[in-house]
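The block underneath contains the structure these notes are about, expressed in structure tokens.
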Amino acid sequence: MPLPIVAHTDYSFPFPTEHRFPMDKFGLLQRHMRALGILGESNLHTPKTCSASDLMMAHCHHYIRRFDLNELDAKEMRRMGLPWSEGLRHRTFTAPNGTLLTCELALEHGLASHLAGGTHHAHYDFGSGFCIFNDMAYAARSMIHRGKAKRILIFDCDVHQGDGTASILEEDADIFTCSIHCEKNFPHRKATSDLDVGLGKAMEDEAYIGVVIDTLDRCLAEFKPDFVIYDAGVDVYANDPLGLLNISLDGIRGRDSAVLTRTVKRGIPTATVIGGGYDKDQQALAKRHGIVVEEAYALSKQI
């Protein structure tokens with residue numbers, strides 16, 4: 001069976017063109033995957049909308065309700081970084097179930113990819129850095145709660161630290177949070193993951209991939225997860241306006257291949273999410289986000 005891919009037509013919606021967040025990239029990514037022959041009707045899976053009670057797995061009910069009703073104050077909205085709209089509300093209540101569905105499919109097939117996700121700056125009771133609800137914390141806790149996994153590794157390679165994920169899951173002994181990020185980048189006040197690896201500015205491919213491999217090997221050996229959620233952020237790219245590393249397209253592909261090869265060889269089901277990536281050229285950005293899906297697709301044939 002081809003690689004299961006999770007997506008929704010409403011992940012991209014009418015959005016201010018002058019805004020820094022590239023909301024069109026999700027629809028463009030779906031189109032790109034179809035053009036490559038990786039996504040078709042046979043392997044497309046569409047998530048259902050989350051309820052408020054679902055999201056309480058990772059978030060405060062009061063916060064969920066206030067976002068839903070557009071009752072966040074101006075300061076909270078600035079911290080969140082996205083203008084409220086019905087399109088944003090619908091997308092926000094759908095994407096967390098997209099990551100959960102991806103996890104369920106990965107459990108069944110060994111690998112699955114979500115063409116969204118990685119909203120790791122969302123905290124228990126507030127949004128931050130373009131993130132409103134934390135899909136990875138929600139999906140990981142849901143998997144544990146339902147008895148579908150016992151030990152989950154969230155392996156976050158976005159260029160920014162996964163502060164919200166670390167904070168929400170701080171007391172969850174059965175979920176290990178690992179963040180490999182540029183140390184001198186957002187958020188300025190870091191949380192404490194189970195394992196944080198802060199990188200210096202302008203790191204290049206060889207050194208970066210070496211750190212990723214060594215860190216993943218350590219996590220797999222010491223924590224011994226039976227499931228992995230991989231945040232394959234492409235804001236590590238050299239020309240990303242919000243990244244400070246110097247990683248090439250080949251470097252991103254080498255990273256994603258190394259990560260997925262290691263989990264697949266060990267028989268550990270792995271769900272991928274796309275994480276961060278920022279570029280005015282959203283077509284090029286969508287292709288960068290597609291790299292992890294391409295690598296997962298190639299490896300899925302070996303399972």
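Coordinate-derived values only; no laboratory data. On a predicted model such as this, the values are computed, not experimentally measured, just so you know. Neighbour counts are summed over all protein chains in view; Cβ atoms, including those assigned to glycine, are modelled from backbone coordinates with ideal geometry.
How big is the Kirkwood radius of segment 117-256, worked out from every pair of different alpha carbons and given in Å to one decimal? Don't skip to the end; give the middle numbers.
On the way: mean 1/r = 0.0667 Å⁻¹.
When all Cα pairs of segment 117-256 are included, the Kirkwood radius is 15.0 Å.
Among beta bridges from DSSP that stay inside the chain, the antiparallel ones total about 5%. In the chain, helices alone account for a calculated mean residue ellipticity at 222 nm of -12500 deg cm²/dmol, with every DSSP H run of four or more residues adding -39,500 (n - 2.57).
The three principal axes of the C-alpha atoms in the chain carry coordinate ranges of 47, 42, 41 Å, sorted with the longest axis first. The H on the amide N of F176, modeled in the peptide plane, is under 5 Å from the matching H of I152, L153, I154, each at least 5 residues off or on a different chain.
Would you kindly state the longest site-free stretch of the chain, with sites defined as trypsin sites (Lys or Arg not before Pro) in a DSSP loop (not H, G, I, E, B) surrounded by at most 13 other Cβ atoms within 10 Å?
Working: sites that count: R20, K48, R146, K150, K184, R189, K201, R266, K280, K301.
Between exposed loop sites, the widest span is 49-145.
Spin-label pair F223-E183: with each label point 7 Å from Cα along the Cα-Cβ axis, the two points sit 2.1 nm from one another. Of K48/K150; K75/K150; K201/K287, which sit over 28 Å apart, Cα to Cα? In this structure, K75/K150 exceed 28 Å between Cα atoms.
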